Structures are given as C-alpha cells and as structure tokens.
Amino acid sequence: MATWLEDFYKNNNIGGTGGFLDDEAKGYWMGKADTLGADKVKNIIEGTAKAEGTWNQTSNANTNTNTNNTNTNSTTLTTTNTNTTGNQTGGTAQSTSGGTTGGTSGQLTTGSAGSTATGGTGTGNTQGTINNAWYKELTDPGLAVSQGLNNLTGLANKYAGTDIATAVVGQLGDLYTSQAKQGMMLTFDDLVQAQNLKHTKNLENYRLTNTKDLMATESDLTQAIDTNRITTTGAENRKQLVTAGEQTRLTVGAQADADVRTIGAQGDQDVRTIGAAGVEKRKNILEQGGVDIKKIGATGIQERKNIGAQSDADVRAIGAAGVQDRLGIQETGSQTRMNIGSQGIQDRLGTVTKGEQDRLGMKETGQQERLSLQERGAQERKTQRDRYREERAMRADARGAISRAGANFYG
C-alpha cells in the first residue's frame, strides 16, 4: 500500500516521470515527518526539488554517441555546486543529493530526496555535492550543507545580476577556496613529511657510515698498537735470549709463551669490547630512530585531526549562517507583506470615506442650489407681481386722467 510520501513523489513527478523514492530517502523523510509533521516535510521536499530542477520532471528522448558506443537514453538535466570532471558509463544511476554529469554522451541527474538518470558514456563538468567529502548524504549536517548550497544557488539565480547574486557567488567562492586551501595544506603536509623522512633517513645513513668508519679506524689503530707492541716485545726478548744464553732460553721461552697467551687474551677482550660497543651504539641509533618516527607520526595525526576539526567547524558555521540568512529573508518578506496589506486596508478606508464625504458634499450643494433657485424664483415672482401691480395702477391712473380730461373738454 502506497504511503502519502510515495503519492506525493508520484503526483509531482519528483526525480522523474512517476516520481522516484528509494528506501533510504523514504525512511529519512518519514522520520522527519514524525517530528516536523507531514505538511512541513512536503514544503521542504517541494522547495528542495524546485531548487534542484526535479519538481514535475519529465523525460526527453536523447540519442548520445561517442567513439566507443551509441546509446538512446532518457535524460534529465539539472545543476548544482562543486566543479569536478567525471565519467558516467551506461546503466541507471540513482542518488538522494543534488548533482549533474553531462558530456558528449550520457547524462546524470540527482535530487534531494530521490532521483534517476540513465546514459551511455559521458564526460563533462560535474557540479554536485555528492562527491564532497565534508558530509554524508541523508544526515542532518549533510542535508544542511546540501540545502544551504542549493538555496544559495537558487538565490543567486533568482536575483541574477544584482548585489545579492554577487554576494552569494562570493560566499560560494570562499567555500571552494577553503576547500582548495585544505587540499593544498594536506598536500604540503605530505610533502613536508616525505622530506623529513628523507632527511632523517639520510642523517641516519650518514651517522651509521661515520660510526662504521670510526669503528674501523679504532680497530686498525688497536691492531697496529698490538702489532707494534708484540714486535717490540719479541725483539727485546730475543736480545735477552741472546744475552742470557742457553740458561735463560727456557725462561725466555716460558715467558714468551706467557706473553703470547696474555696478548691473545688481551686481543680477544679488546675485540669483544669493540663489538659490544658497536652493538650498543646501533641499538641506541635504532631506538632514537623509532622514537623520532613515533613523534613524527603523532604530530601528523594531530595536524590531520586539527584540519578535520577546523573543516567541520567551517561547515557548521556556513550552515548556521545560511539558516539565519534564510530566516531573515522570510521575516523581511513577511513584514513587507504585512505592511502592504495594512497600507491597502488604510487606502481602501480612505477611498470609502472620501467617497462618502464627496457624496454628502454633492448632496448638500444640490440642496443649497435648489433652495437658491426657489428663493430666486420667489423673489422674481414677487418682483413681477409688484411690477404688474404698479403698471396696472399706472394704466388705471392714465385711464382716469383721460376720462377727466375728456369730461373737462366736453363739459
């Protein structure tokens, strides 16, 4: 029975037609849903898939040809982060973190929570955090790095040509520069260790050669001294034997035998002493060399641990900065929308109030104009009435004057 997560991938074609969700990604997102809720997880998957170009992804027929073989593949392209050069040969590749490989033949597409790609043999520029050794996919630190880099890329694409894009490119450049510097530091450390080992080896060889030469010189000097002493003793003994004559030859012979035994014993002891001294010197040299090698190994281990710790701290700092930046952008957008909504409400209230006042003003103006017209009509009617009365009176007076004048005329 399909879960809501599988339906979500299928309905939105995440990672390809029909959606692609492997067991590892499924277990990860279901675990997140237990703590964040299904709706929050859907929003995260949607944002990540849109940033990586795997949202509602469809397949396009593409025939790829190179010098080795010809393949017809379903290919989907997207872009992510670290520039490397790599090959993708045949088959189907699947991943849960962003990355794209493309060349003269064959393509590879990966997504945040699941992806699919098929291709022949392709060589080209690969941008993907999947090859980044700083984190492991589908862990909280790895997801933070992946989402941070993808969101920075999406932000730069969204505000291309602006200061925001320039700042994002600078941040990514700093990240890649730090990665390159760490590689250079590791390479330099290897070279230094190799040189130190070479110098130590040369020094030990030189010390052993000098010791050997000194021991040979000491042996030659001892042999020469012993030979000279034996020769001198023999000459003196022979002189005594000649002087003492026949009576002393037995004594001289006995003395000579004793001297020979003494010289032999002394020589044997000298040889043993020299051998023991050589053995002890060589043991000391080997012991010192072992201690030096241990010190060099311990120093290298600590330096590598320091480099790893610094790298982890840098990654966490970049992830935290990305989270804070995104929270700031979200808060700014929320406040801006609230300001726009409040301004719209006030503008609409002002428009309504202005309309009401304009209508009241027009109503009052009409009433006053009608009252003025009524008053003007009343005054004009009064004036006409008075004028008519005056004229009628004048006509009546005129008729009366005429009558009186006629009466007077006719007597």
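The values are calculated or read from the model by the stated rules, or taken from the named source; none is laboratory data. Since the model is a prediction, treat every value here as computed from it, not as a measurement. We place every Cβ from the backbone using ideal geometry, glycine too, and count neighbours over all the protein chains shown.
Number of residues in the range 148-178 that are on the phi < 0 side of the Ramachandran plot and either in contact with a strand residue (DSSP E or B) (Cβ under 6 Å, 6 or more places away or on another chain) or without any contact (Cβ under 8 Å) to a residue 12 or more places away in the chain (or both) equals 14.
Within the range 173-192, identify whether any single residue is more than 22 Å from Gly308 (Cβ to Cβ) and in the same structural domain as Gly308 (by TED's automatic domain parsing), and answer yes or no. No, the range 173-192 contains no residue that is more than 22 Å from Gly308 (Cβ to Cβ) and in the same structural domain as Gly308 (by TED's automatic domain parsing).
Look through Gly319, Gly300 and report the one residue that is in a helix (DSSP H, G or I), assigned by TED's automatic domain parsing to the domain that holds Arg207 and closer than 30 Å to Thr211 by Cβ.
The match here is Gly300.
For first residues located in the range 264-281 and on the phi < 0 side of the Ramachandran plot, partners that are in a helix (DSSP H, G or I) and lie 6+ apart or on another chain with Cβ distances below 7 Å form the pairs Gly267/Asp226; Asp270/Thr222; Ile274/Met215; Ile274/Glu218; Ile274/Ser219; Gly278/Met215; Lys281/Thr211.
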